[in-house]
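Working notes for the structure below.
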Amino acid sequence: MPANVIHKGGNAGRQGSPGLTSTAQVANGANGQPAECKGVFSFQLDDPPTNGGPGAPGIDGGHGGDGGDGGNGGSYEAHIEVILSGLVIDVTGGPGGNGGNGGNGTAGGRGGAGGDGSGCEPSGVGGAGGRGGNGGNGGIAGNGGNAGNVTIYYVSDQSGTQPPEISSSGGEPGTPGAGGLGGAGGAVGANGPDSDYTTAQWNPGPPRAPGSPGSAGAPGAPGSSGAGGDTLFQQVDVI
């Protein structure tokens, strides 16, 4: 770095890690059992079929990590005889890190198929679909670092057409992480096949519903800009 370039700016904040999106497959509902028909000349009642089981819920996405705050710029003070051209001083605050995006929720499992009525009972209905997993929340954006101060006492300014270039602004905040997407709801399982029965001993109940979709994760909160620094150029008679 040239001698007339002084860099004391703050470091950038770390980036937030993204939330986990699971790759695991959630379980589908168990299939219903078929009816066990005893026959018209039997004194025993038929064993009715069973309905399909519900699908498992989806897995929620992980939350995104928060962005780190930017580092503060260092202050600079100098007592010099002559200010020459091309002097550059940077005491800006470091930018904040971005928040990590939330992970996506996974889809709910499919409901199991209804059991076969086997011609003596109504067939079972398909199981309900599992709800979708919720998306993870986005990470909070890191704050920008504060700038340092610049103080220079000098006797003579000979910078001419290239006066000192001072950068002393506060660091910009990071970008908040986006919320993860909700997973799709699981589908309803298939109803059991048509069963040509005469007298029913059980009621499979109403058709089941598909799973509700998961909710999207909330975005991360924004960060704040760092404070700017003060700059003082003071001419004196003697250093």
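The values are calculated or read from the model by the stated rules, or taken from the named source; none is laboratory data. Keep in mind the model is a prediction, meaning the values are calculated, not measured. Backbone-built Cβ (ideal geometry, glycine too); neighbour counts: all protein chains shown. Side chains included, ligands, DNA and RNA excluded: accessible areas come from the protein's heavy atoms. Shrake-Rupley method; radii C 1.70, N 1.55, O 1.52, S 1.80 Å.
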The whole-number value in µm²/s of the Stokes-Einstein translational diffusion coefficient for region 146-197, with Rh from the Kirkwood sum over alpha carbon pairs at 10 °C and 1.306 mPa s, is 81 µm²/s
Listed highest first by mean packing, meaning other Cβ atoms within 10 Å per residue, what order do 204-210, 130-136, 170-176 come in? 130-136, 170-176, 204-210
Which Cα, out of Ala128, Gly19, Ala35, lies furthest along the positive dipole direction of region 1-145 (beta carbon charges, K/R +1, D/E -1)? Gly19
Assuming 0.36 nm per residue, please report the length gained on full extension of the stretch Ala24 to Ser224 beyond their Cα-Cα distance. 68.2 nm
Carbon/sulfur fraction of accessible area - the chain, other protein chains in place, 1.4 Å, %: 51 percent
What do you get for Rg/Rh over region 84-173 if you use C-alpha atoms and the Kirkwood form of Rh? 1.67
For region 112-215, report the accessible area per residue in Å² (1.4 Å probe, heavy atoms, rounded to an integer). 45 Å²
Cα extents of region 144-239 along the three principal axes, largest first, in whole Å? 114, 22, 12
Two-decimal ratio, the chain, of alpha-carbon radius of gyration to 2.2 N^0.38 Å: 1.97
